[in-house]
Amino acid sequence: MKKKFRIKKNEEFQMILKNGESFANRQLVLYYMEKENQTHFRVGLSVGKKIGNAVKRNEIKRYLRHAFIELEDHIRPNVDLIVIARKPTNNMGFNELKNSLAHVLKRTSMFRH
């Protein structure tokens, strides 16, 4: 995933968390906010220290970024998304995490077929 499609700034994170809508399943929490005049969706990832050591947290973030790349064609372009990983992601492989992400996206109508 290209760096310009990531949300890095704390102000942007806080704005989406405060003003956006959310949906969650057991593994992930998704906050999303519509953005006009945006040609590609942007993603922010958050994996807390309760989930594991730095190696495990980075692995989960890597899996999530790769899942977004694979699901890219199905996600609406005019949104900002923040994904917060929950504790069960600690024991998940890539395909399980991708399926969980697709489930959350479908439930929030960010997914187009």
Pair list, Cβ under 7 Å, 6 or more apart: region 19-39 residue touching a residue at least 12 places away in the same chain (Cβ under 8 Å) and within 23 Å of K87 (Cβ to Cβ), other residue open to solvent by less than 50 Å² (accessible area, probe 1.4 Å) and part of a loop (DSSP other than H, G, I, E, B): F23/T108; Q27/M92; L30/T108; Y31/G20; Y32/G20; Y32/T108; Y32/M110
Count - residues of region 59-113 that are touching a strand residue (DSSP E or B) at 6+ places or on another chain (Cβ under 8 Å), of a type in the set (S, T, N, Q) and either within 12 Å of L30 (Cα to Cα) or free of Cβ contacts under 8 Å to residues at least 12 places away in the same chain (or both): 2
Number of positions in region 53-80 that are touching a helix residue (DSSP H, G or I) at 6+ places or on another chain (Cβ under 8 Å) and either at positive phi or open to solvent by less than 20 Å² (accessible area, probe 1.4 Å) (or both): 7
Filtered residue count, region 33-51, keeping only those that are acidic (D, E) and either surrounded by 11 or more Cβ atoms within 10 Å (Cβ to Cβ) or touching a helix residue (DSSP H, G or I) at 6+ places or on another chain (Cβ under 7 Å) (or both): 1
Any strands (runs of 3 or more DSSP E) falling wholly within region 16-101 and containing at least 1 residues that are small (G, A, S): 21-24, 42-47, 79-85
Of all residues in region 93-113 being over 20 Å from H40 (Cβ atoms) and in contact with a helix residue (DSSP H, G or I) (Cβ under 7 Å, 6 or more places away or on another chain), the one that is surrounded by the most Cβ atoms within 10 Å (Cβ to Cβ): L97
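The values are calculated or read from the model by the stated rules, or taken from the named source; none is laboratory data. Keep in mind that this is a model prediction, so the values were computed, not measured. Cβ atoms come from the backbone with ideal geometry, glycine included; neighbour counts cover every protein chain shown. Accessible surface areas use protein heavy atoms only, side chains included; no ligands, DNA or RNA. Shrake-Rupley method; radii C 1.70, N 1.55, O 1.52, S 1.80 Å.
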